[in-house]
1. Checking the conditions here, which among 10, 67 is open to solvent by 90 Å² or more (accessible area, probe 1.4 Å), modelled with pLDDT of 95 or more and more than 31 Å from the chain's Cα centre (by Cα)?
2. Take the residues in the range 80-98 that are over 33 Å from the mean Cα position of the chain (by Cα) and open to solvent by less than 100 Å² (accessible area, probe 1.4 Å), then tell me which one is farthest from residue 55 (Cα to Cα).
3. Which of the numbered conditions does residue 100 fail, given that it passes all the others? Conditions: (1) of a type in the set (S, T, N, Q); (2) in contact with a strand residue (DSSP E or B) (Cβ under 7 Å, 6 or more places away or on another chain); (3) not in a strand (DSSP E or B).
4. Which ones in the range 61-78 are in contact (Cβ under 8 Å) with a residue 40 or more places away in the chain and either among the polar types (S, T, N, Q) or touching a Phe, Trp or Tyr at 6+ places or on another chain (Cβ under 7 Å) (or both)?
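The values are calculated or read from the model by the stated rules, or taken from the named source; none is laboratory data. Remember, predicted model here, so these are calculated numbers, not experimental data. Note that we place each Cβ from the backbone using ideal geometry, even for glycine, and neighbour counts take in every protein chain shown. When the accessible area is computed, the model is the full protein with side chains, heavy atoms only, and any ligands, DNA or RNA have been set aside. Shrake-Rupley method; radii C 1.70, N 1.55, O 1.52, S 1.80 Å.
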Amino acid sequence: MLVITKNKGYSLIGICLFSLFSCKGEQADSSEDNVTKEIKKTEYIVIHRESTVSTYLVEGVDVEGLYFRGNVKIKGDTGAGYIAKDSLSPKVYIEVRRSQDGGLIGTDTNGKEYQLAFLNEE
């Protein structure tokens, strides 16, 4: 009789342990659902280059190799500004467009071209 009681005791312990572990598994699943619900959706703000105007300090050379420096405003891939040889020289109005190499190509009112590079954004 004593042997039968021990088997029933072990059976009860086994059943209790089984139900305890199976309950923890269900609780873990529900807590994962709560974590998923708390994650907020990421929102991205897109600013198109065409909609913003940026002012840059630029420098470069003309077709004759003369050095120029100045400021240009760019909206998208095109813009305009003024460059000069130095602070005492008259300013030259140029219209600019972005080039394939990452710089700018400027053209003045006489059709003369300038290869310009960005120094910094103002």
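1. 67
2. Out of the qualifying residues, it is 89.
3. Failed condition: (2).
4. Across the range 61-78, the qualifying residues are 61, 62, 68, 71, 72.
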